[in-house]
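Shown next, in structure tokens, is the structure this report addresses.
Just so you know, all these numbers are worked out from the coordinates, no wet-lab data involved. None of the values given here were measured: they were computed from a predicted structure. For neighbour counting, all protein chains shown are included, and Cβ atoms are generated from backbone atoms with ideal geometry for every residue, glycine included.
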Amino acid sequence: MLREFNHKLALIVKKRMTAKVILLALLSLQTISIMADPPKAVWYRYYDSKGIANVSSSVTPNHIRYGYEALDSNMQVIQRARPYNAEKDAQYAPQRAAAAKQRESDLKLKRAYTNSQVATQKRNTALSYILKQIKFQQDELKQFQNPYTTNFTEPLSYQDSAFLKLPKFP
């Protein structure tokens, strides 16, 4: 009797846990679906130099000049855009160009060296090539130096030979 009671109690607990897990899964799916679709802007509002609010369904040059707010269908602010300042834009143009150039070179390096092993391998290849160049240049230097050193010693070696007869003075 006690065994049957424990068995039924375990089944009830298992059913409740299953129901809780299903409920939790449904809530998490609903939350994900809400977060996946951010509210879309329906209206755009800007305040002109007189402080008057202007609302339209599209962004105009005045919106950009004064800065604007993106509003949803309930007129709640979704996002704010700062006003465009041509002087600041011109002032920061060289910095942006330098940053873009740096990003481009970084991307180029990332494409060339996909991971650290490839970078190490290419470094070792470049170093071995440089070492081969140094060895080749050292060998060439030795070859150029050898004829000059033998030329200085050659007259001494030919002094007693039949090719070179020096007159003897009494």
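Note down the Stokes-Einstein diffusion coefficient of segment 43-84 in µm²/s, whole number, using a Kirkwood radius over alpha carbon pairs, 37 °C, and 0.692 mPa s. Write down the numbers at each step before the final one.
Numbers: Rh = 10.0 Å.
Taking Rh from Cα pairs, D becomes 328 µm²/s.
Taking R0 as 35 Å, what's the FRET efficiency between residue 22 and residue 84 from their Cβ-Cβ distance, rounded to 0.05?
On the way: r = 51 Å, r/R0 = 1.46.
Efficiency for this residue pair is about 0.10.
Can you list the lysines whose alpha carbon is less than 26 Å from that of residue 132, not counting same-chain residues fewer than 8 positions off?
Reachable lysines: 122, 142.
Measure off 7 Å from each Cα along the Cα-to-Cβ vector at residue 135 and residue 73, then give the distance between these two points in nanometres to one decimal.
Label at residue 135, label at residue 73, 7.7 nm between them.
At R0 = 41 Å, how high is the FRET efficiency between residue 111 and residue 48 if r is their beta carbon distance? Nearest 0.05 is fine.
Details: r = 48 Å, r/R0 = 1.17.
Efficiency, from the Cβ-Cβ distance: 0.30.
Please give the charge dipole size of segment 43-84, origin at the Cα centre, charges +1 on K and R Cβ atoms and -1 on D and E Cβ atoms. Round to the nearest 20 debye.
Computed about the Cα centre, the dipole is about 140 debye.
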